[in-house]
Structures are given as C-alpha cells and as structure tokens.
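Trainee: First the structure, then my questions, so here it is.
The values are calculated or read from the model by the stated rules, or taken from the named source; none is laboratory data. Keep in mind that this is a model prediction, so the values were computed, not measured. Positions of Cβ are generated from backbone atoms using ideal geometry, with glycine treated the same way; all protein chains shown enter the neighbour counts. Areas reflect the complete protein model, heavy atoms only, side chains present, ligands, DNA and RNA absent. Shrake-Rupley method; radii C 1.70, N 1.55, O 1.52, S 1.80 Å.
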Amino acid sequence: MTGRLAIAGLGPGDAALITPEVSAALAEATDVLGYAPYVARVPAREGLRLHPSDNRVELNRASEALKLAAEGRYVVLVSSGDPGVFAMAAAVFEALEAAPECGDVAIRVLPGVTAMLAAAARAGAPLGHDFCAMNLSDNLKPWELIEKRLRLAAEADFSIALYNPRSASRPEGFVRALDVLRTAGCGERLVIFAHAVTTPKERIETVPLKDARPDMADMATLVIIGNSATRRVGRWVYAPRRAS
Ligand code: SAH
C-alpha cells in the first residue's frame, strides 16, 4: 500500500492561523514529524505517533517522512509558517530525488501563513509595493551571495523581508547586513522588527535603519526593510502602491 505525505505549514504561532486544510490533515495523520517545538504545537491524540527531531537534520527528517509514507502510513511533516518558505518542502523534494523508490508516495504541500505576511499585517502594509524575501542564514549559501543580493535589492528599491536575521551562533551576520544596507544609502529607510508575531511574546518595533541596533533582532524576529517611499501613518507603516 502506498502512503501519503502532507508537508504542512502551521502558521506563525496563533492556532487561529492554522488553515482548516492543515487541521484536517493533522486529524487524519498516523505520524507527525518535524522540529520538536513545531511538533509540540500538534494536538496529541490516541494512535498518533509524534516524531520530534532536532533543528539541523532537515534532509534526514525529509527522508524519514518519505520512507514512513512509502510503508503505507499517512505522514504529516510540519513546518512553522509556510512549508515552502525556507522550510521542509524543498528538503522533501531533494530527498525524493535521492530516493526514486518513494516516487509513488502521494505528496501534497499544504500552504500556511508565512511569518513575513503575519508581520506585515501587524505593521500595516509594508509589502504594498514590490518586495523580495531573503534568508539571512549562511548555512546553505556563502555570505558573499547574501551581500550581493542585499546590495542589488537595495539598488532596485525593493522592500526586503529578512528571515533568520540573527542566530546565537552567527550574531555578526545581521550587523554586516545592516552595514551593507547603510553603505547602499538605505539609512533613512524604515525597518520593522517583528518579534514572535501572533504569540503572547509578540513585539513590533519600527525605526529608521540608521538607528537600528543588531540586538533588536533574534531568531524569532522577522525584519522588513521598507523601500525608499515606505512611511508611517499614525501607528501604521505602509509602502505606497505607486512608484515613479
Ligand atoms: N517556514 C517559515 C520560516 C522558517 S525560517 C515561515 O514561512 O514563516 C525561521 C524564521 O522565520 C525565523 O528566524 C524568523 O525570522 C521567522 N519567523 C518564524 N515565525 C515567526 C514569528 N512568529 N514571528 C516573527 N518571525 C518569525
């Protein structure tokens, strides 16, 4: 019997932002895999096997999920936010390339509310004009590439969402990113620091880039750098729809 694998996004934290489609998959699953804090967000029930794992083992976890599904189980692999945004979906397809014997598994990718969208909604409409998103982690790419993309994004006047801005093991990365953007002439741009959005620890702070301090970001922060027209109206921050 060929099993099923759903790669599901749990949203940014608040259970109200888990889609009905993801809830339905979790209610039917035989096995749930994922990084331990995400698996902990899945309601336990009789007969459901939970397989929490460590953060840095994405490819192993993806192969394990495919293997269990190939054995006939109904596996849900969970990510926070959206599973296709710097998360498990790409790892599963990488694992599938290496495991052609799992080619019959019925795979579905179930979207979720990514941190960038939840953060933007809290701040106002900072993504109302063209934007790009980057992962600031240099685990899977060289730092030179990150700097190049930041410089070009600044030159193109995109608003820029930064995932994984700052880790304990690599605190200097975010400092360097701020330096690149200052040098590219972005000192007056507004920067939104959206911490733990939609959780009880949520905190949103907006400052001009020249006043941004590295310690305003941590691994639970999504950073949005406005474009050159991004501005405040009352307590809100938005990017005007028109540009010249
Ligand atoms: N797949 C996830 C992103 C995984 S990368 C998604 O779509 O949201 C992990 C990064 O996402 C964190 O370092 C942080 O930058 C961001 N993030 C995840 N949840 C967040 C939240 N509730 N508030 C702010 N940022 C969050």
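Trainee: Quick check on SER137: is it loosely packed, with under 14 Cβ neighbours inside 10 Å and not assigned by TED's automatic domain parsing to the domain that holds SER63? Full working, then the answer.
Mentor: Working: loosely packed, with under 14 Cβ neighbours inside 10 Å: no; not assigned by TED's automatic domain parsing to the domain that holds SER63: yes.
Considered against the rule, which asks whether it is loosely packed, with under 14 Cβ neighbours inside 10 Å and not assigned by TED's automatic domain parsing to the domain that holds SER63, SER137 comes out as no.
Trainee: Which residues, taken from region 200-225, are near the ligand (Cβ under 6 Å from one of its atoms) and either at positive phi or modelled with pLDDT of 95 or more (or both)? Walk me through how you get there before you give the answer.
Mentor: In the first step, residues of region 200-225 are kept if they are near the ligand (Cβ under 6 Å from one of its atoms); the result is 219-222.
If the condition is that a residue be near the ligand (Cβ under 6 Å from one of its atoms) and either at positive phi or modelled with pLDDT of 95 or more (or both), then ALA220, THR221, LEU222 are the ones that fit.
Trainee: On to the next question. Kindly indicate whether ARG61 is of a type in the set (Lys, Arg) and touching a Phe, Trp or Tyr at 6+ places or on another chain (Cβ under 9 Å). Please lay out each step first, then the result.
Mentor: On the way: of a type in the set (Lys, Arg): yes; touching a Phe, Trp or Tyr at 6+ places or on another chain (Cβ under 9 Å): yes.
Yes; evaluated as a whole, the condition is true for this residue.
Trainee: Residues PHE131, PHE86, PHE158: which one is near the ligand (Cβ under 9 Å from one of its atoms), open to solvent by 50 Å² or more (accessible area, probe 1.4 Å) and either within 30 Å of GLY3 (Cβ to Cβ) or not β-branched (Val, Ile, Thr) (or both)? Steps first, answer last, please.
Mentor: Working: PHE131 fails: near the ligand (Cβ under 9 Å from one of its atoms); PHE158 fails: near the ligand (Cβ under 9 Å from one of its atoms).
The match here is PHE86.
Trainee: Determine if region 42-50 includes at least one residue that is open to solvent by 40 Å² or more (accessible area, probe 1.4 Å), without any contact (Cβ under 8 Å) to a residue 12 or more places away in the chain and of a type outside the set (Lys, Arg).
Mentor: Checked region 42-50: at least one residue is open to solvent by 40 Å² or more (accessible area, probe 1.4 Å), without any contact (Cβ under 8 Å) to a residue 12 or more places away in the chain and of a type outside the set (Lys, Arg).
Trainee: On to the next question. When you look at LEU68, is it more than 28 Å from ALA16 (Cβ to Cβ), in contact with an Asp or Glu (Cβ under 8 Å, 6 or more places away or on another chain) and surrounded by 21 or more Cβ atoms within 10 Å (Cβ to Cβ), yes or no? Outline the logic, then answer.
Mentor: On the way: more than 28 Å from ALA16 (Cβ to Cβ): yes; in contact with an Asp or Glu (Cβ under 8 Å, 6 or more places away or on another chain): yes; surrounded by 21 or more Cβ atoms within 10 Å (Cβ to Cβ): yes.
In short, yes.
Trainee: Now for a different question. Out of VAL175, VAL78, I need the residue that is within 11 Å of the ligand (Cβ to nearest atom) and either of a type in the set (D, E, K, R) or in contact with a helix residue (DSSP H, G or I) (Cβ under 6 Å, 6 or more places away or on another chain) (or both). Which one? Break it down stepwise before answering.
Mentor: Numbers: VAL175 fails: within 11 Å of the ligand (Cβ to nearest atom).
Going through VAL175, VAL78 in turn, the sole match is VAL78.
Trainee: Select from region 181-206 the residues that are open to solvent by 50 Å² or more (accessible area, probe 1.4 Å) and not aliphatic (A, V, I, L, M) and list them in ascending order.
Mentor: Listed by number, the residues that qualify are ARG182, THR183, GLY185, GLU188, PRO200, LYS201, GLU202, ARG203, GLU205.
Trainee: Take the residues in region 207-229 that are closer than 21 Å to GLY124 by Cα and open to solvent by 30 Å² or more (accessible area, probe 1.4 Å); name whichever of them is nearest to the chain's Cα centre (by Cα).
Mentor: To start, the set of residues in region 207-229 that are closer than 21 Å to GLY124 by Cα comprises 207-209, 211-212, 216-217, 220-229.
Imposing the further condition that a residue be open to solvent by 30 Å² or more (accessible area, probe 1.4 Å) reduces the set to 208, 211, 220, 228-229.
On the way: PRO208: 24, ASP211: 25, ALA220: 10, SER228: 24, ALA229: 25 Å.
Per the criteria, the residue is ALA220.
Let's see how each residue does on (1) more than 30 Å from ARG203 (Cβ to Cβ); (2) acidic (Asp, Glu); (3) in contact with a Leu (Cβ under 7 Å, 6 or more places away or on another chain):
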| site | (1), (2), (3) |
| --- | --- |
| GLY9 | no, no, yes |
| ALA16 | no, no, no |
| PRO20 | no, no, no |
| ALA25 | yes, no, yes |
| LEU33 | yes, no, yes |
| TYR38 | no, no, yes |
| ARG41 | no, no, yes |
| GLU46 | yes, yes, no |
| ARG49 | yes, no, no |
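Trainee: Separate question: For region 89-117, how many residues are surrounded by fewer than 21 Cβ atoms within 10 Å (Cβ to Cβ) and in contact (Cβ under 8 Å) with a residue 40 or more places away in the chain?
Mentor: Selection size over region 89-117: 6.
Trainee: Can you pull out the residues in region 210-227 that are in contact (Cβ under 8 Å) with a residue 12 or more places away in the chain and among the charged types (D, E, K, R)?
Mentor: First, the residues of region 210-227 that are in contact (Cβ under 8 Å) with a residue 12 or more places away in the chain: 210, 212, 214, 216-227.
Scanning region 210-227 gives LYS210, ASP218.
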